[in-house]
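Take a look at the structure set out below.
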């Protein structure tokens, strides 16, 4: 049962995120939308990948390592693309686009985390290093996007002025809270994963150097 605990926890996170009050609140609050986003890519995706790894359901070795950087590029394009003002506003006002956004976040995050964790089974140092690099690069661009949202001098999204933000926050403060969440949760989760994988690379002698 313990082996499957991460999978069960990931499913609980997704159920709470998608079938709780957050989707309705996300229509009127950028910060609520960001909570959803972080729940999917920074909690559910790594938990699913870790659960698959513990259940021996992940492809491992050099073949997995080859997919890490393409997966990181895909997640970069999706995260920045969906946070472009036009697409983000559309997703907050269209159920179909919202569902597409959330599904793409989950699949891209799962693709990256499974490739990164799968690379640990490789005997090649380069493949394992690619796993760490993919997570660290993702942490960097999430941190940059979070900082841009936090430091922007005005609301970037149309719903910031048309919709009611969380509690008594102004639209700009609501956006700043969303940026802070991306920095504190998204950037930190991928940074922690990348550092853990990098530590494994540095502490393991390459197979070809062993007697």
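The values are calculated or read from the model by the stated rules, or taken from the named source; none is laboratory data. All values derive from a computational prediction rather than experimental measurement. Backbone-built Cβ (ideal geometry, glycine too); neighbour counts: all protein chains shown.
Quick check on region 164-182. Is at least one of its residues surrounded by fewer than 19 Cβ atoms within 10 Å (Cβ to Cβ) and modelled with pLDDT of 95 or more? Yes, region 164-182 contains a residue that is surrounded by fewer than 19 Cβ atoms within 10 Å (Cβ to Cβ) and modelled with pLDDT of 95 or more. Do the conditions hold for residue 21, that is, is it on the phi < 0 side of the Ramachandran plot and surrounded by fewer than 20 Cβ atoms within 10 Å (Cβ to Cβ)? Yes: the conditions hold for residue 21. Would you check if residue 201 is closer than 14 Å to residue 42 by Cα, crowded, with 16+ Cβ neighbours inside 10 Å and either at pLDDT below 85 or touching a helix residue (DSSP H, G or I) at 6+ places or on another chain (Cβ under 6 Å) (or both)? Answer is no for this residue.
Taken together, the criteria exclude residue 130 from residues that are farther than 14 Å from residue 42 by Cα, part of a helix (DSSP H, G or I) and out of contact with any helix residue (DSSP H, G or I) (no Cβ under 9 Å at 6 or more places or on another chain). Taken together, 157, 190 contain a single residue that is closer than 27 Å to residue 82 by Cβ and modelled with pLDDT of 95 or more, which is 190. Residues in region 145-159 that are part of a helix (DSSP H, G or I) and either within 13 Å of residue 173 (Cβ to Cβ) or without any contact (Cβ under 8 Å) to a residue 40 or more places away in the chain (or both): 147, 148, 149, 150, 151.
Counting the residues of region 1-20 that are assigned to a helix (DSSP H, G or I) and farther than 30 Å from residue 95 by Cβ gives 4.
When restricted to residues that are over 25 Å from residue 90 (Cβ atoms), without any contact (Cβ under 8 Å) to a residue 60 or more places away in the chain and under 14 Å from the mean Cα position of the chain (by Cα), region 27-52 contains 1.
Screening residue 96 with (1) over 17 Å from the mean Cα position of the chain (by Cα); (2) touching a residue at least 40 places away in the same chain (Cβ under 8 Å) gives one miss only, at (2).
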